[in-house]
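Coordinate-derived values only; no laboratory data. Worth saying up front: this structure is predicted, and the values here are computed from it rather than measured. Virtual Cβ from ideal backbone geometry, glycine too; neighbours counted across all protein chains shown.
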Amino acid sequence: MNETPKSQETLANLLNETRHFDPPAEFAAQATVTADEYDRAGADRLAFWESKAERLHWAAKWDRTLDWDNPPFAKWFVGGKLNVAYNCLDRHVEAGNGDRVAIHWEGEPGDTRTITYAELTSEVKKAANALTALGVTAGDRVAIYMPMIPEAAMAMLACARIGATHSVVFGGFSVAALSGRIQDADAKVVITADGGYRRGKPSDLKGIVDDSVAQCPSVEKVLVVRRTGSDVAWTDKDLWWHDVVDSASDEHEAQPFDAEHPLFILYTSGTTAKPKGILHTSGGYLTQASYTHQAVFDIKPDNDIYWCTADIGWVTGHSYIVYGPMSNGVTQVMYEGTPDTPHKGRFWELVQKYRITQIYTAPTAIRTFMKWGDDIPAGFDLSSLRVLGSVGEPINPEAWMWYRKHIGGDRCPVVDTWWQTETGAMMISPLPGVTSTIPGSAQTPLPGISADVVDDEGKSVPNGGGGYLVLREPWPSMLRTIWGDDQRFLDTYWSKFDNMYFAGDGAKRDADGNIWLLGRVDDVMLVSGHNISTTEVESALVSHPKVAESAVVGATDPVTGQGIVAFTILRGDADGGEELMTELRNHVAKELGPIAKPRQIMVVPELPKTRSGKIMRRLLRDVAENRSLGDVTTLQDSAVMDLISKGMSSGK
Ligand code: 6R9
């Protein structure tokens with residue numbers, strides 16, 4: 001009972017996954033990226049990344065690929081100069097592709113806009129001129145607090161074009177979150193809108209900006225896009241976007257900036273502490289965002305219609321709505337609203353309408369679609385789809401299988417992509433034309449990436465072992481520091497192990513060396529001396545046909561140290577009586593072994609999630625241990641916690 005916990009002690013089940021899916025022969029035959037990329041990257045990693053940097057336009061070539069003289073402070077493509085916005089816009093127009101649609105935008109109420117690369121270039125040039133006229137110069141910070149409208153991407157690209165560093169704050173965050181982020185970055189200008197549509201209602205963005213700016217003396221001007229036409233209060237710092245941008249000149253020559261010029265700051269909230277301003281720079285970031293987007297989605301800009309369902313306020317929106325897709329010159333769909341407005345088939349209606357070829361979404365969305373039922377996607381023509389991507393959390397094997405079957409028609413490769421705000425771009429993922437995919441595993445570091453799973457001492461674990469996910473070598477799109485806090489950068493990521501980046505995620509290797517992500521190490525449970533990952537117990541529950549979604553936490557237990565408590569959403573009309581609870585507990589024991597049998601299973605209507613869809617287990621631990629709730633400011637819907645706590649106290 002009192003054995004010392006070892007990170008390499010693992011449960012067997014996820015490693016026993018025997019299902020795998022080879023890329024279809026026709027897909028492999030036309031794939032943009034082939035198996036030899038791994039060989040080339042393995043033979044000479046820096047030469048490989050140079051060849052990927054060469055996919056971009058450089059005004060001056062670099063003279064050193066990587067400067068790692070002062071680790072962990074990396075410099076990539078040293079001496080090189082480029083303009084990130086030029087790479088995403090003008091060069092496609094100059095290559096004769098100006099008439100290609102850049103964005104098919106769909107508003108939640110059903111209004112649409114179609115914007116070509118030529119039009120987008122011209123709008124961004126105007127916005128760049130307008131920002132310059134407002135006194136924004138290279139190196140200044142600009143906060144962007146916007147709904148999912150094309151102007152959000154235009155604002156980011158206009159900043160990039162003039163070398164201003166953008167800090168996008170998710171348009172659902174509070175005054176406290178927005179003002180804290182504006183202050184931390186000392187932003188000079190805020191770009192926002194009068195509102196945006198979510199679930200049929202206009203959101204109030206401008207009011208939150210007003211209250212935030214009142215606490216932020218650094219802000220000189222606020223630029224407001226008109227989206228909903230709602231009445232908004234007006235201050236002497238405010239300017240309408242349509243007044244200053246529409247009248248600006250559409251002539252603007254992009255100046256090249258240093259490869260290490262700061263491109264953006266993006267705040268990650270972490271669990272409790274002050275948000276960390278993750279700093280990304282230009283040349284290395286764009287190189288990896290662009291290459292991974294092309295390789296992992298098999299992008300063919302002449303034919304594809306790509307759709308990433310993330311919000312622009314998250315890193316996924318930065319790298320896989322703006323910089324990756326636009327540097328590749330592909331056509332994409334951008335959607336303003338929620339998946340159930342006005343009906344639960346909205347996503348699939350969009351796939352059918354635009355003949356979408358690649359979709360990139362999150363496990364939380366996939367599990368929600370599973371819960372809503374197979375017949376909803378079955379009512380739409382999804383035959384245009386070629387590749388299905390997942391990001392944000394470990395994807396349970398059953399959710400992966402559902403995605404493949406009901407969305408991908410058993411035809412499309414599923415790519416589970418592991419990465420973080422800090423990594424800037426994808427790090428571990430199958431390649432759709434190369435990898436034989438396995439449900440639930442992100443599998444293999446991408447070419448040029450050195451990921452590993454290590455034990456407490458930092459030694460690689462053998463196949464079959466588990467431990468911590470680390471990155472052994474610097475990568476082009478790595479964070480450069482935490483804005484204004486180098487020491488915190490060192491402490492958070494580089495102090496646990498020597499010369500390795502600590503990602504904060506637990507992971508395992510299966511018998512063939514495939515990597516399985518097991519969730520944040522803070523969430524790992526310790527039951528009778530055994531480390532058990534929340535992900536594994538959740539996946540075991542989701543593999544039961546009556547369970548749609550589950551979140552598992554360890555609650556203090558006088559006998560076992562921690563006891564496993566599972567919060568579970570049932571599928572369709574399943575009834576959550578005692579009998580089913582016993583069946584589910586036994587199901588987990590059968591799948592994972594008796595040690596993983598939950599002490600208690602609670603049926604709940606919803607789970608607490610962050611606004612980017614990650615389960616907030618910390619709050620469930622508070623409920624399971626009868627504590628008052630900790631910080632709920634990043635919660636998507638705070639009413640959810642009342643529902644869960646009520647169910648708990650009535651013993652349901
Ligand atoms: C891109 C993004 C990062 C954390 C990361 C991990 C989890 C993301 C995942 C995944 C398992 C995947 N995560 N992708 N876990 N499999 N494919 O989500 O960035 O918001 O910074 O979150 O998300 O725990 O450490 P970010």
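Things to note:
- Positive-end ranking of THR32, THR137, VAL168 along the dipole of the chain, with charges on Cβ about the Cα centre, is headed by VAL168.
- Sparse-neighbour loop sites [trypsin sites (Lys or Arg not before Pro); the stretch 442-498; at most 14 other C-beta within 10 Å; DSSP]: LYS459
- Rg [Å, one decimal], Dmax [Å, integer] - the stretch 107-156, C-alpha atoms: 12.7, 38
- Distances between every pair of Cα atoms in the stretch 244-374, grouped in 10 Å steps from 0 to the bin holding the largest one, split as 10, 32, 33, 20, 4, 0 percent.
- Here's the list of aspartates and glutamates a cross-link from LYS371 could span, going by alpha-carbon distance under 13 Å and ignoring same-chain residues fewer than 8 apart: ASP340, GLU398, GLU549, ASP573, GLU606.
- Taking all Cα pairs closer than 8 Å and separated by 6 or more residues, the relative contact order of the stretch 528-648 comes to 22 percent.
- Distances between placed amide hydrogens fall under 5 Å for ILE305 paired with THR357, GLN358, all partners being 5 or more residues away or on another chain.
- In the chain, the ratio of gyration radius to Kirkwood radius, Rg to Rh, stands at 0.95 when only Cα atoms are counted.
- Electrostatic dipole magnitude of the chain [Cβ: Lys, Arg +1; Asp, Glu -1; Cα centre; debye, to 20]: 500
- Principal-axis tilt of helix 639-649 within the chain, Cα atoms, nearest 10 degrees: 10
- Plainly put, the stretch 321-467 has a radius of gyration that is 1.00 times its Kirkwood radius, both from alpha-carbon atoms, as the Rg/Rh ratio.
- Backbone geometry of the stretch 340-353 corresponds, through the Karplus equation with coefficients 6.51, -1.76 and 1.60 at θ = phi - 60°, to 3J(HN,Hα) couplings of 10, 10, x, 8, 6, x, 4, 4, 6, 5, 5, 4, 5, 5 Hz, x marking Gly and Pro.
- Neighbours of VAL101 by Cβ distance under 13 Å: Lys/Arg scored +1, Asp/Glu scored -1, total -2.
- Globularity index of the stretch 511-645, i.e. its alpha-carbon radius of gyration over 2.2 N^0.38 Å: 1.03
- Which listed pairs, of LYS75/LYS237; LYS300/LYS459; LYS344/LYS646; LYS508/LYS614; LYS590/LYS614, have C-alpha distances above 31 Å, in listed order: LYS75/LYS237; LYS300/LYS459
- Considering only ALA548, VAL604, GLY630, the residue lying farthest towards the positive end of the dipole of the stretch 528-648 is GLY630, judged by Cα position with unit charges set on Cβ.
- Here's how it looks for ALA254: its modeled amide H is under 5 Å from none belonging to a residue 5 or more places away or on a different chain.
- Counting only GluC sites (Glu not before Pro) that DSSP places in a loop and that have at most 16 other Cβ atoms within 10 Å, the longest clean stretch of the chain runs over 254-456.
- Rounded to 5, percent antiparallel among DSSP beta bridges of the stretch 528-648: 75
- Annotation note: trypsin sites (Lys or Arg not before Pro) in the stretch 85-188 located in DSSP loop regions with a Cβ neighbour count of at most 13 within 10 Å are absent.
- Near MET148, once Lys and Arg are set to +1 and Asp and Glu to -1 for all other residues with Cβ below 11 Å from its Cβ, the sum equals -3.
- Sorted by Cβ neighbour density within 10 Å, fewest at the top, the residues HIS92, HIS57, HIS587: HIS57, HIS587, HIS92
- Of all aspartates and glutamates in the structure, those lying under 14 Å Cα to Cα from LYS126, and not within fewer than 8 positions of it along the same chain, are ASP90, GLU151, ASP243, ASP246, ASP250, GLU251, GLU253.
- 3J(HN,Hα) from dihedral phi, the stretch 527-542, Karplus parametrisation 6.51/-1.76/1.60, rounded to Hz, x for glycine, proline: 10, 6, x, 10, 7, 10, 8, 4, 4, 5, 5, 4, 5, 5, 5, 5
- The HN-Hα couplings worked out from phi for the stretch 128-141 by the Karplus form 6.51 cos²θ - 1.76 cosθ + 1.60 (θ = phi - 60°) are 5, 4, 5, 5, 4, 5, 7, x, 7, 10, 3, x, 5, 9 Hz, whole numbers, x standing for Gly and Pro.
- Spatial separation of Cα centroids for the stretch 209-287 and the stretch 576-608, in angstrom: 46
- Nonlocal amide H pairs with LEU570, under 5 Å, H built at 1.01 Å: ALA548, VAL604
- Look at LYS75, LYS221, LYS237 and count the other Cβ atoms within 10 Å of each Cβ; fewest to most, that gives LYS237, LYS221, LYS75.
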